[in-house]
Amino acid sequence: MDAEDETRKLSERILRSERDSRYLRRDSDQRKVMEEVFDRSTLLSIEELIRGGRLKKLNGVVNSGKEARVYYGLSPREDPVAVKIYMMSSSDFKKRVGYIAGDRRFGKLPSNSREAIALWVRKEFKNLQLAAWAGIRVPRPLSFFKNIIIMEYIGEPPRPAPTFAEAEVDQEDCDWTLRTVQKLYKSAGLVHADLSEYNIFKHGSEQVLFDMGSAVLVSHPQAEEFLERDIRNMVRFFRKRGLAPGDAGAWLGKIVK
Ligand code: ATP
Ligand code: MN
């Protein structure tokens, strides 16, 4: 079978799984999905991941945001994995440059959106690694290629675990958040920079921090500003849920002290 045939078969399989998992999706226009997510270069990248033994199978979609869609897949060892695919068609990448500029891990700024997406993916992967190495509970990063990241699946496939926004939260979740932001800052040397109740899973009794693409090193010129915003978001959320998180200033003091 030649490469052309393989690409066609893969795209048929994806369309089929898109149809099967329709109940999970907000977006029902299949052709749009194929154009926006599975453009030719993305299909080739998925094939490359499968051929290289980094992915065994791609199943249906789990969730979609503005710039990325997350799929449920299987690793070669048949463990469930989350496959996050950034859409090459997304034009929102300009606003991300500020989270890349100022990060001394990445030299030259990307000159087009393809480069920007690849850099973003590498940054998200590295951030997950740094966090994991510091002992912070995040989805275990498994591999990345171009606009795709493969990581540990959190939840019971094909459903993702609920986020704090969808779950009941208690004082322990509040304390965990403060401890985790502190550990991220002190041990991993990172600020999440997009922290909210939508980016923390509550999986049974376990909390899992995710969506680390925006995270910056503490040396980033806006690190403190992002940290304060993260803290304010979480304090506001816990207060809205009737807990007593204390005030943002006290959190900041504990985190950076
Ligand atoms: P959004 O713009 O909606 O925040 P995003 O591009 O920031 O999306 P994420 O927040 O990383 O992407 O993931 C979006 C959704 O995909 C999550 O809310 C969750 O439902 C699902 N998801 C992401 N990562 C995983 C994972 N490791 N395991 C299971 N589901 C996941
Ligand atoms: Mn998110």
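The values are calculated or read from the model by the stated rules, or taken from the named source; none is laboratory data. Bear in mind the structure is a predicted one, so any value in this text is a computation, not a measurement. Reconstructed Cβ throughout: ideal geometry from the backbone, glycine too, with neighbour counts over all protein chains shown.
Here are the numbers:
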| read-out | value |
| --- | --- |
| Odd one out for Thr180, checked against (1) more than 12 Å from ligand 1 (Cβ to nearest atom); (2) farther than 16 Å from Val235 by Cβ; (3) not hydrophobic (A, V, I, L, M, F, W, C) | (2) |
| Some residue of the stretch 173-184 being touching a Ser or Thr at 6+ places or on another chain (Cβ under 6 Å) and among the acidic types (Asp, Glu) | no |
| Residue check, Gly155 under 25 Å from Lys57 (Cα atoms) and not in a strand (DSSP E or B) | yes |
| Scope the stretch 36-65; condition polar (S, T, N, Q) and not in a helix (DSSP H, G or I); matching residues | Asn59, Asn63, Ser64 |
| Residues satisfying the stated conditions in the stretch 143-153, i.e. touching a Ser or Thr at 6+ places or on another chain (Cβ under 9 Å) and more than 10 Å from ligand 1 (Cβ to nearest atom) | Phe145, Lys146, Asn147, Ile148 |
| Subset of the stretch 203-218 that is outside any strand (DSSP E or B) and within 13 Å of ligand 2 (Cβ to nearest atom) - its residue that is surrounded by the fewest Cβ atoms within 10 Å (Cβ to Cβ) | Ser214 |
| Selection status of Val97, of a type outside the set (D, E, K, R) and under 18 Å from the mean Cα position of the chain (by Cα) | yes |
| Criterion violated by Ile255 - all others in (1) surrounded by fewer than 18 Cβ atoms within 10 Å (Cβ to Cβ); (2) out of contact with any Pro (no Cβ under 7 Å at 6 or more places or on another chain) satisfied | (1) |
| Hits in the stretch 150-188 (condition: surrounded by fewer than 16 Cβ atoms within 10 Å (Cβ to Cβ) and closer than 16 Å to Ala134 by Cβ) | Arg179, Gln182, Lys186, Ser187 |
| Condition broken by Ser91, with the remaining ones in (1) within 24 Å of Tyr198 (Cβ to Cβ); (2) hydroxyl-bearing (Ser, Thr, Tyr); (3) modelled with pLDDT of 75 or more satisfied | (3) |
| Flag if Arg236 is surrounded by fewer than 19 Cβ atoms within 10 Å (Cβ to Cβ), more than 20 Å from the chain's Cα centre (by Cα) and either part of a helix (DSSP H, G or I) or not assigned by TED's automatic domain parsing to the domain that holds Leu74 (or both) | yes |
| Members of the stretch 154-166 found to be in contact with a helix residue (DSSP H, G or I) (Cβ under 9 Å, 6 or more places away or on another chain) and either at positive phi or near ligand 1 (Cβ under 7 Å from one of its atoms) (or both), listed by number | Thr163 |
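Yes/no matrix, rows are residues, columns are (1) within 16 Å of ligand 2 (Cβ to nearest atom); (2) within 20 Å of Lys126 (Cα to Cα); (3) modelled with pLDDT under 95:
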| site | (1), (2), (3) |
| --- | --- |
| Phe145 | no, yes, no |
| Lys183 | no, yes, no |
| Lys186 | no, yes, no |
| Asp194 | yes, yes, no |
| Glu197 | yes, no, no |
